[in-house]
1. Could you list, in sequence order, the residues of region 529-581 that are charged (D, E, K, R) and either outside any helix (DSSP H, G or I) or farther than 24 Å from S412 by Cα (or both)?
2. When region 464-477 is examined, which residues are found to be surrounded by 20 or more Cβ atoms within 10 Å (Cβ to Cβ) and at pLDDT 95 or above?
3. Please find, among I625, I611, the residue that is β-branched (V, I, T) and surrounded by 18 or more Cβ atoms within 10 Å (Cβ to Cβ).
4. Which residue out of Y566, Y493 is at pLDDT below 90 and surrounded by fewer than 19 Cβ atoms within 10 Å (Cβ to Cβ)?
5. Only strands (runs of 3 or more DSSP E) wholly contained in region 387-484 count here; list those with 3 or more residues that are more than 23 Å from T649 (Cβ to Cβ).
6. Can T449 be described as among the hydroxyl-bearing types (S, T, Y) and surrounded by fewer than 18 Cβ atoms within 10 Å (Cβ to Cβ)?
7. Test of understanding: among F310, F363, which residue is of a type in the set (F, W, Y), surrounded by 18 or more Cβ atoms within 10 Å (Cβ to Cβ), at pLDDT 90 or above and over 22 Å from D447 (Cα atoms)?
8. Pull out all pairs, ordered by first then second residue, where Cβ-Cβ is under 7 Å, the residues are six or more apart or on different chains, the first lies in region 295-312 and is more than 12 Å from E102 (Cα to Cα), and the second is in a loop (DSSP other than H, G, I, E, B) and of a type in the set (D, E, K, R).
Amino acid sequence: MDTMVSDDNLSSSLQTTLAVGGALALVAAAVIHRHKDKLSSFLVKDFAIEEMNQDTDWQRLTISAQAQGCSEARVAASLGSRPLLTTGKSNTDDRLYTTFYEGFQIGKDIAAKRGDGKCLGYRVDRESAYQWVSYEEADQIGTEIGSGLIQLGENNGQNTFIGIYAVNSVEWMTTALACHFHSMVYVPLYDTLGEPAIIHIINQTLLKTVFVDKPENVLALLKLANQVSTLKRIVLTKKLPSDKDLEIRNKAKEVGIEIMTYNQLRELGQSKPAVHHSPIFTELETLISYLPLAHSYEQTIELYCLCNGFKIGYYLGDVRQLADDLACLKPTLMPCVPRLLNRMYDNIQSTIRQLNPIKRFLFNQALSAKSDDVDKHRIKRHMIWDGIFLKRIQQRLGGRVKLIVSGAAPLSPTILQFLKRVCGAYVVEGYGQTECCGISSCQMLGDPTTGNIGVPLGCNMIKLVDVPDMQYFSKDNVGELCIKGANVFRGYYKDEEKTREALDDEGWLHTGDVAKWVPTGQIQIIDRKKHMFKLAQGEYVAPERIENIYIQSKYIAQVFVYGNGYKSFTVAIIVPDAEVLEKYTRDKNISGDMVELCKKKEIKELIFNDIKQLEKANSLKGFEIAKDIYLHPELFTIENNLLTPTMKTKRPELGKYFEKEIEEMYKNIE
């Protein structure tokens, strides 16, 4: 992931670009300022449609949902008095759809008439270009796979569950299409779930068929065969390596599980017809797919793209080499998570700090010019600022990105503000949960503000309810964020108790996040109800809020704040930023690798003192401040089971993993 923006090429190219462009910019700046009206069309590519924001009242982005039946809730001002949306609508001709199958047919029609018909893209290896499956072909594959499943004894309808145990790929999506086309439910599985969770999911949903890509995952399922009695077959989405093929087939025969290839299932489906159940962007947009499709955030985005005739290109499977996929695909739409954007920001800042005063001045001039565009609710690509000074940064994203959407966790306002200016694209932050189809609010395109999650979608309304234990009251426009609308789920499968915890009697989803309405109508997340803990003296602490402050330190890559009801203060586990720390130690002639550096007293003091400044700047209360820190040399990752597939920290697992270090910190302080 880090190679996306941290390789030497970015640093040297940025400095060279600034040096070459410096003289030109100094001369051109005066000319542009004097003749800016005449030169604007020549120098600037404007992303915004003139009419896009002309009716937007940026001081009143939400209104009361009284017309929608709930005066204490709010909806997007653009919805007005209309009812909440319950259907999808084509962006090109206003055709409505109520199922994904209908939406996909509209997207296929758009792609054929206004685009190039391409749908799902893939690469064979890093030396190859993207190859494309057309909308017609994707439609056919989905139909054949679905029909093949029915031939095998699976039934149409939402009582049929199909497992997908694979990374993002064409086969992942065409399997999902097959399920959508036949009203089946697909159940994502992924490596870091662990055996107990996989066993539970298969048994709870009575899975008979699972689509699998990696041989090690096939073997993992075969190993569990005697604990998952409903599992009948595994469909291979990729060709097995020759050294594993015989082993897997023999093992499958031993445990009585059928092994089929993807093409065999398609051929089976060909023998019987299937039964189908029921404005700045063009139809040629391209999405890069690399966030886990097992998560609803990525699924929702991709399904939306397919209903609008967009193209989706899948990465090769290694997020550390994402820059190579971006350069080859040149996407225009890019969903992100804060962890990726944080690394991007840190590496750009590291490069900027190495610039001499003149180059740094020119870069800051570019930022100032771009700030003016952002403040005026527009995104433009300027021949000088974007074409020279920011070009290399934008090229690392492929050079064509128009929209970056950040979700799954909060993004630092400082980082969001910076990226809105340097990426040459709209950069917005959204919010949602799996329980509401992955998204319930998003910043409007052109919104220059940061530190908020935008306004409610047209399909849902949002209200805030009292949280007395934390002294948050809706009368003050602060409280737990609750969502109601067509995107809210009906409940957890076969778990009425958890359903009652999440949904109240009126159908409101209680998110566990504490939010407030800002004066201009956006929603701001300020606290967390579900992950908070009470300290010994009775004070409530929201650790994620503290972590979002500490992570602003340039020395910190990851942080985990811990506390419990038996202690009166918190402690923190910190993973230093290896690149920043290694540069610091070189400059200070401090020797040692990351393991050794994390044990050094002067390194701990450096980071501890830095977060103390952040605590003061953000007015943390005494009981919120970490009284001790432990430096850990290795990143929390999906592989070591300390992060979820969407890069969120697994708090119980982290607490258990660092149990010894946490106990030692408390012992030393007490």
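The values are calculated or read from the model by the stated rules, or taken from the named source; none is laboratory data. Not measured: the values here are computed from a predicted model. Neighbour counts are summed over all protein chains in view; Cβ atoms, including those assigned to glycine, are modelled from backbone coordinates with ideal geometry.
1. In the first step, residues of region 529-581 are kept if they are charged (D, E, K, R); the result is 529-530, 534, 539, 544-545, 547, 554, 567, 577, 579.
Correct list: K529, K530, K534, E539, K554, K567, D577.
2. Initial filter on region 464-477 (surrounded by 20 or more Cβ atoms within 10 Å (Cβ to Cβ)): 464, 472.
Result: L464, single match.
3. Values: I625 fails: surrounded by 18 or more Cβ atoms within 10 Å (Cβ to Cβ).
Checking each option against the conditions leaves just I611.
4. Working: Y493 fails: at pLDDT below 90.
That would be Y566, the only listed residue that is at pLDDT below 90 and surrounded by fewer than 19 Cβ atoms within 10 Å (Cβ to Cβ).
5. Values: elements: 403-406, 426-431, 460-465.
Hits in region 387-484: 426-431, 460-465.
6. Values: among the hydroxyl-bearing types (S, T, Y): yes; surrounded by fewer than 18 Cβ atoms within 10 Å (Cβ to Cβ): no.
In short, no.
7. Working: F363 fails: at pLDDT 90 or above.
Step by step, each of F310, F363 is checked, and only F310 is of a type in the set (F, W, Y), surrounded by 18 or more Cβ atoms within 10 Å (Cβ to Cβ), at pLDDT 90 or above and over 22 Å from D447 (Cα atoms).
8. These pairs meet every condition: G309/E283; F310/E285.
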